[in-house]
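Chemist: Just passing along the structure, written as structure tokens.
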Amino acid sequence: MAEKGEVAMAERTEDAKKASMRTAETLLRLLPLGLCVAALVVMLKNSETNEFGSVFYSDLGAFKYLIYANGVCAGYSLFSAVFTAVPRPFTMSRAWTFFLLDQLFTYVIIAAGAVSTEVVYLAYHGDKEISWSEACGTFGGFCKKATVSVSITFIAVICYISLSLISSYRLFTRYDPPSTHSNKDATEMGGFYG
């Protein structure tokens, strides 16, 4: 009778551990949602008009891409957080789906951050070789908001890298790699295997 009690207690402990892991992953998936929305809103409101002219985020393709990437990544974060929060058995297809999507959106947000960083750098320093002067002396408020948006995006990048590591760890520790050759093929091609 004592063994049944110990087994039941071990099962409850394992269930509690899985629930806390699921909660932690759900929160980690929600964090980039807030960050992406914040970066998106800061950039959407980024414009400046003065006696030298006007500049809007939409004047620069890199900043438009930053907004689109943050919007798409925020949507994915919400979707994946909801999907993670609901307890269901972990299957190989689910593991592969999360792994591939986490990788994809990590690269999307990294690309958006990188190209926007280049534009912000050029705005602050210019490029003397091609006769571009710095623009932040004239449009300082615009540059500050752009820097804030890009900085928030890179914090979201750290979250997506963490999610990518978690999903890859989960996939590659639970499941064996797919077999590419049958035993018959390996026997026939034994010279190639060592």
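The values are calculated or read from the model by the stated rules, or taken from the named source; none is laboratory data. Since the model is a prediction, treat every value here as computed from it, not as a measurement. As a convention, Cβ positions derive from the backbone with ideal geometry for all residues, glycine included, and neighbour counts pool all protein chains shown.
Chemist: Taking the residues in segment 120-164 that are at pLDDT 80 or above and of a type in the set (S, T, N, Q) as candidates, determine which candidate is surrounded by the most Cβ atoms within 10 Å (Cβ to Cβ).
Modeler: The residue in question is THR153.
Chemist: Let me ask something else. Among the listed residues ALA112, ALA123, ALA135, identify the single one that is closer than 24 Å to ASP59 by Cβ, part of a loop (DSSP other than H, G, I, E, B) and of a type in the set (Gly, Ala, Ser).
Modeler: One residue alone meets the criteria, ALA135.
Chemist: Taking segment 41-59 as the region of interest, how many residues are among the aliphatic types (A, V, I, L, M) and either touching a Phe, Trp or Tyr at 6+ places or on another chain (Cβ under 9 Å) or at pLDDT below 85 (or both)?
Modeler: Looking only at that region, the number is 3.
Chemist: Another question, if that's okay. Any residue at all in segment 73-82 that's part of a helix (DSSP H, G or I) and under 30 Å from CYS136 (Cβ atoms)?
Modeler: yes
Chemist: Within segment 97-119, how many residues turn out to be among the acidic types (Asp, Glu) and buried (at least 18 other Cβ atoms within 10 Å of the Cβ)?
Modeler: 1
The rows are residues; the columns are (1) of a type in the set (Lys, Arg); (2) touching a Leu at 6+ places or on another chain (Cβ under 9 Å); (3) exposed (fewer than 13 other Cβ atoms within 10 Å of the Cβ).
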{"residue": "LEU31", "(1), (2), (3)": "no, no, no"}
{"residue": "LEU40", "(1), (2), (3)": "no, yes, no"}
{"residue": "LEU44", "(1), (2), (3)": "no, no, no"}
{"residue": "LEU78", "(1), (2), (3)": "no, yes, no"}
{"residue": "VAL82", "(1), (2), (3)": "no, no, yes"}
{"residue": "VAL86", "(1), (2), (3)": "no, no, yes"}
{"residue": "ALA95", "(1), (2), (3)": "no, yes, no"}
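Chemist: A follow-up question, please. So if I check each of VAL86, VAL115, which one is among the hydrophobic types (A, V, I, L, M, F, W, C) and within 30 Å of THR173 (Cα to Cα)?
Modeler: So the residue among VAL86, VAL115 that is among the hydrophobic types (A, V, I, L, M, F, W, C) and within 30 Å of THR173 (Cα to Cα) is VAL86.
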